[in-house]
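Asks: Input: one structure, supplied below.
The values are calculated or read from the model by the stated rules, or taken from the named source; none is laboratory data. Quick caveat, the model's predicted, so the values are computed rather than measured. Because the Cβ atoms are built from the backbone with ideal geometry, glycine has one as well, and the counts that use them run over all protein chains shown. Surface areas here come from the heavy atoms of the whole protein model, side chains and all, with no ligands, DNA or RNA. Shrake-Rupley method; radii C 1.70, N 1.55, O 1.52, S 1.80 Å.
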Amino acid sequence: MTSRKKAGLAVGVGVGAAAATALRRRWRGRSESTSTEVAAIPGIDQAAATRFLDNLAAAIRIPTVSSIDGVDPVVFGEFRALLEKSYPGVHAGLSREIIGDHTLLFTWPGSDATEPAVLLMAHQDVVPVEPGTEAGWDHGPFSGAVADGYLWGRGAMDDKGSLIGVLEAVEGLLAEGFVPTPTIYLLLGHDEEVGGEKGAAAVAERFAREGVRLGLVLDEGGAVVSGVIPGVPPLALIGVGEKASLDVEITAVAEGGHSSMPPAHTAVGRVAGAVRAIEDHPMGARLAVQRPFLEVLARIMGGGRAVLLRNLGWSGPMVERMLARAPHTNALIRTTAAATVIRGGVKSNVLPQEATAIVNFRILPGDTAAGVLDHVRSVVGDGIRVRPIDFGKTSDPGPLSSIESPGFRSVANAVGEVFPGVTVAPWILMGATDSRYFVPIADGVYRFAPLSTSLGDLSRIHGTGERIAVADAGRVVGFYRALVTSLGGKP
Ligand SMILES: [Zn+2]
């Protein structure tokens, strides 16, 4: 605690001033052309963009790391105090509840209680910085430094950028006396990175008990991404669904003994064989689930690829083979399996009596956890114990949300306001978000953060060198403002 506090304070002062000067120097209403330029966004002035950067930097400097053992109440208390200090209007104009010790639920009463309510979500917690990787950061992971056209730090993209963006937009609208038509909830979870059980899941349970119906839920997950498909301009990926995550443990047990008289396959050998069998027998591809996404690609792509995408009736198998070539496109069309943990054996001259591997499945909407277990059992054969880990209520992927709904249109329109000309594409997330808990009580659940990034940069999330572009400062605030005002309200 102490070392961070000292460092944090020193850095704090530097960042605010640097950000302000950078913005003043570059904010002459010139349209953005390079990553260091702050995009001029209607309704968002320089001060709002500067405040966003300052407050995000301050939020990053408080390392709200969550773990399965819980969170540090002092750190999360400090984070709460920062939000109170930075957003007095939100804390005065909305009611705030604390759920599960640190999750914050704000309620902004709408003028029309018959309108389905809206839920805007983000999370306070961040994943740790893997020990030994600190040196890989150009700027300290908890510095909030602004440099080279970026704001750096753990949580910049995942997910404090959205958190601060939502609060900044609401604070600005409250200052203008804006009253929304639907009731708007702001949910800032504290344990998303460890499953959301105490935070978002608890709120969803309560909403269900109270019969709260949500017209629109917006959470993290999508972004404006360049390089998704070679030769295709940046796409605004709006998540309409997400894969479910399921860990499956496979175990072989065997007789022990001395390694000098081994059986044909030891427990280690049999588990290794089972892992290989799972890798060699991927679950079947289902192109159909990606049809809306591929139709968008077909519209913006030219040449032979567009012809293939427009005629999936006969080109399906070929397109499947093409997409299966790269991990990130292969993951679009099937439930994937990743063997991530293996253990067994204590000494090289002792036959292991048990060996175990864990395979993490990402289940494509339309597949089920039970189907995955059947598949695993069918490929690993006899003699291997197959057991799901933490088999629970969200082990099956939820249904996809409609791209025809007013909710999707509102999100897409707000994207168009701040990323003019960027193509919107419906997307299925590879990872899980807290919004999955609200699928049963919502008309539409979408995942999008108004940040521009590249496929290559996505590895910075949970990785090294996480950052957001300074140029996006106005866009983040502008997006949430455009979304909230588009839902109705006055003045
Ligand atoms: Zn996240």
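Asks: Scanning for something at pLDDT 95 or above, assigned by TED's automatic domain parsing to the domain that holds Gly474, crowded, with 24+ Cβ neighbours inside 10 Å and within 14 Å of the ligand (Cβ to nearest atom), does the stretch 202-209 turn up at least one residue?
Replies: Here is the first cut: in the stretch 202-209, the residues at pLDDT 95 or above are 202-209.
Those left that are additionally assigned by TED's automatic domain parsing to the domain that holds Gly474: 202-209.
Those still in the list that are crowded, with 24+ Cβ neighbours inside 10 Å too: 203-204.
Now drop any that are not within 14 Å of the ligand (Cβ to nearest atom), which leaves none.
The answer is no, given that none of the residues of the stretch 202-209 is at pLDDT 95 or above, assigned by TED's automatic domain parsing to the domain that holds Gly474, crowded, with 24+ Cβ neighbours inside 10 Å and within 14 Å of the ligand (Cβ to nearest atom).
Asks: Looking at Asp382, Asp390, Asp396, Asp374, which is the one that is within 23 Å of the chain's Cα centre (by Cα) and farther than 28 Å from Leu297 by Cβ?
Replies: Going through Asp382, Asp390, Asp396, Asp374 in turn, just one is within 23 Å of the chain's Cα centre (by Cα) and farther than 28 Å from Leu297 by Cβ: Asp390.
Asks: With respect to Leu105, determine if the residue is within 16 Å of the ligand (Cβ to nearest atom) and aliphatic (A, V, I, L, M).
Replies: no
Asks: Any chance you could count how many residues in the stretch 330-364 are among the hydroxyl-bearing types (Ser, Thr, Tyr), part of a loop (DSSP other than H, G, I, E, B) and under 21 Å from the mean Cα position of the chain (by Cα)?
Replies: Qualifying residue count, the stretch 330-364: 1.
Asks: Any idea how many residues of the stretch 419-445 are among the small types (Gly, Ala, Ser), within 16 Å of the ligand (Cβ to nearest atom) and crowded, with 24+ Cβ neighbours inside 10 Å?
Replies: 1
Asks: Okay, moving on. Can you tell me which residues in the stretch 450-466 are within 15 Å of the ligand (Cβ to nearest atom) and in contact with a strand residue (DSSP E or B) (Cβ under 6 Å, 6 or more places away or on another chain)?
Replies: Within the stretch 450-466, Leu451, Thr453 qualify.
Asks: Given Glu249, Glu193, which one is touching a residue at least 40 places away in the same chain (Cβ under 8 Å), open to solvent by 10 Å² or more (accessible area, probe 1.4 Å) and more than 16 Å from the ligand (Cβ to nearest atom)?
Replies: One residue alone meets the criteria, Glu249.
Asks: Take the residues in the stretch 210-231 that are more than 16 Å from the ligand (Cβ to nearest atom) and within 14 Å of Asp443 (Cα to Cα), then tell me which one is surrounded by the most Cβ atoms within 10 Å (Cβ to Cβ).
Replies: Here the answer is Leu216.
Asks: Could I ask something else about it? Determine which member of the set Val289, Val253 is under 29 Å from the mean Cα position of the chain (by Cα) and either at pLDDT 95 or above or not basic (Lys, Arg) (or both).
Replies: Val289
Asks: Do we have Arg325 as basic (Lys, Arg) and in contact (Cβ under 8 Å) with a residue 40 or more places away in the chain here?
Replies: no
Asks: Follow-up question, since we're still on this one. Testing Met121 on (1) within 15 Å of the ligand (Cβ to nearest atom); (2) part of a loop (DSSP other than H, G, I, E, B), one condition comes back false. Which one is that?
Replies: Checking Met121 against (1) within 15 Å of the ligand (Cβ to nearest atom); (2) part of a loop (DSSP other than H, G, I, E, B), the one that fails is (2).
Asks: Examine the stretch 110-131 for a residue that is modelled with pLDDT of 95 or more, over 23 Å from Val217 (Cβ atoms), crowded, with 16+ Cβ neighbours inside 10 Å and more than 22 Å from the chain's Cα centre (by Cα), and state whether such a residue exists.
Replies: No, the stretch 110-131 has no match at all.
Asks: Are any residues in the stretch 146-159 buried (at least 23 other Cβ atoms within 10 Å of the Cβ) and over 20 Å from the mean Cα position of the chain (by Cα), and if so, which ones?
Replies: Across the stretch 146-159, the qualifying residue is only Val146.
Asks: Give the residue, chosen from Gly231, Gly239, that is at positive phi and in contact (Cβ under 8 Å) with a residue 40 or more places away in the chain.
Replies: Gly231 is the lone residue from the list that is at positive phi and in contact (Cβ under 8 Å) with a residue 40 or more places away in the chain.
Asks: Quick check: anything in the stretch 401-418 in contact with an Asp or Glu (Cβ under 8 Å, 6 or more places away or on another chain), open to solvent by 40 Å² or more (accessible area, probe 1.4 Å) and in a helix (DSSP H, G or I)?
Replies: No, every residue in the stretch 401-418 fails to be in contact with an Asp or Glu (Cβ under 8 Å, 6 or more places away or on another chain), open to solvent by 40 Å² or more (accessible area, probe 1.4 Å) and in a helix (DSSP H, G or I).
Asks: I'd like to check something: does the stretch 376-385 contain any residue that is of a type in the set (Val, Ile, Thr), on the phi < 0 side of the Ramachandran plot and within 16 Å of the ligand (Cβ to nearest atom)?
Replies: no
Asks: So, one more: Just checking, which of Asp158, Asp138 is farther than 15 Å from Leu186 by Cβ, in contact with a strand residue (DSSP E or B) (Cβ under 9 Å, 6 or more places away or on another chain) and away from the ligand (no atom under 15 Å from the Cβ)?
Replies: Going through Asp158, Asp138 in turn, the sole match is Asp138.
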